[in-house]
Each structure stands twice: as C-alpha cells, then as structure tokens.
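Scroll down for the structure; my scribbles are underneath it.
The values are calculated or read from the model by the stated rules, or taken from the named source; none is laboratory data. From a predicted model like this one, the values you see are computed outputs, not experimental measurements. Because the Cβ atoms are built from the backbone with ideal geometry, glycine has one as well, and the counts that use them run over all protein chains shown. Protein only, heavy atoms only, side chains kept; ligands, DNA and RNA dropped before computing areas. Shrake-Rupley method; radii C 1.70, N 1.55, O 1.52, S 1.80 Å.
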Amino acid sequence: MARIGSAALNTKLEDSARVAGVVLAGSVIAVPADQRESLTGRLLDARHWVHADMIEGRYRGQEGVTIEEIVRLAELAGQRLDTHLMVDNMVETIRNLPRDIGRITIQYPAVDSIEEAMAHARPKARSVWIALDNPSTSELSRALACGPDGLLAMLTPPGKPGQTADLRRLDPIKDAAGTRVPLGVDGGVNEENFHLLREAGVVYAVAGRALVRAACPSSSSRRPINKAKP
C-alpha cells in the first residue's frame, strides 16, 4: 500500500479497478472525521470519486457524515462527490444539501416517497442514483420507473460495517436492468472480487476500508489501532 500522509491507498485494489474498467470511489467514513478532508484531496489526486455516507434512523449501524461535513466536502470535491443518503427523513435531508454536487444516491426502500425524493434531488446534483438493498421485483420496478441515472447494488447490509460482500445481491438488479442503466456496487469491495464485478457489468464501485486505511487514530481518541481488523 502506498502511504499518502495520514492514510494509505491500496494500490492493488486501484490496479484491479483500472484493469476491470471500473470507476472507483473511496468512502470517507473509512477514516476518522479529522482525516476526511485530507483523504478527499488524496482521492481526487488519484482521480477517484469521493463517497460520503449519511447514516441515520433505521440504517444507523455506524457513524456517517454530517450535513456540515457534506458542505465542506462539496467545496473540495464538487462534481466528484457522491452523497449516499441512508436516512429516514430523505426529502428534508436533500433540501439541506448544497447544490451542484456530482451525485446524490438515494437509499431505497428506506424512503416511502421515492418519486418525491428524486424530484428534490434533481436540482441539487449532476446525477441521481438509487441504491437498492436486495430488492424485490416490485421495488426494482418502482425504482427503475423513476428514471435514475444509475443503480447502486448494496453487496452488504447498508449502514453495517465489517460485512463480507454477497455478490448474489447483484443478480436481481443485473437481470432486470441489463445495460440500460449504469450499475454500481457498494459494500465489501476488494481486489479479489473485481473480476466478478466486471463480468456483471459493474461500472462504479465504492470501497471503504479495503481501499483506505487510517495510519493513525483520530486525535480525539487514544485507543490503540487493532491491526488485525480490515
């Protein structure tokens, strides 16, 4: 791994994405909050996207970014910022987002009014994607009817850290969407499964701790790093 100041990027994973022709995004919640702006700069220098998860309500399994962080990250990343909303109050959250960011990804079926959420997201971002957690046929049909610019398949339960990618979660989305809608994945992405992602037609992948590792704990924490954990 190549050291980049306070964090390191997994160059093997980067190479795997490059060979597979997959656009890579680094999840900023893989590092402590005081390292996220620095990491954003490093990801942009490497020509990757910046993926920022807001995690609240029913999806609360780990700490996500705040609205205030999104505003600061938008100033840095702009059109390469992908804000992934895993929240219950979707429309209110979208109203508080800055304008002209690269992408808003709406977690579904967490939000009941997906159509209203899409309508509010359109003026805020260059593109709007829908993230699907192991969807039923009816949920997928409703999502596609909204005309998203892409679909993000969750390979692990959204908002829950430390999970292994289940590539079977790709099947219902891949079979229904075909090549009509760009397909991305999030959760458990690593260098070993990129060849399977390429075969599935994936064009965008979000990687967290497999891509980014903190070189030191947050300044607000004195706890030692457990090097055995990914």
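Restricting attention to segment 30-49, the residues being among the hydroxyl-bearing types (Ser, Thr, Tyr) and closer than 22 Å to Ser16 by Cα number 1.
The C-beta contact set for segment 144-159 (first residue on the phi > 0 side of the Ramachandran plot and touching a residue at least 60 places away in the same chain (Cβ under 8 Å), second residue assigned to a strand (DSSP E or B) and open to solvent by less than 10 Å² (accessible area, probe 1.4 Å), distance under 7 angstrom, 6+ apart or interchain) comprises Gly159/Ile55; Gly159/Met86. Checked against the criterion of being in contact with a helix residue (DSSP H, G or I) (Cβ under 9 Å, 6 or more places away or on another chain), closer than 23 Å to Leu43 by Cβ and modelled with pLDDT of 90 or more, segment 161-174 has no qualifying residue.
Candidates are the residues of segment 103-123 that are buried (at least 19 other Cβ atoms within 10 Å of the Cβ) and more than 17 Å from the chain's Cα centre (by Cα); the one that is nearest to Gly147 (Cα to Cα) is Met118.
Between Val65, Val50, the distinction of being in contact with a strand residue (DSSP E or B) (Cβ under 8 Å, 6 or more places away or on another chain), assigned to a loop (DSSP other than H, G, I, E, B) and open to solvent by less than 10 Å² (accessible area, probe 1.4 Å) belongs to Val65 only.
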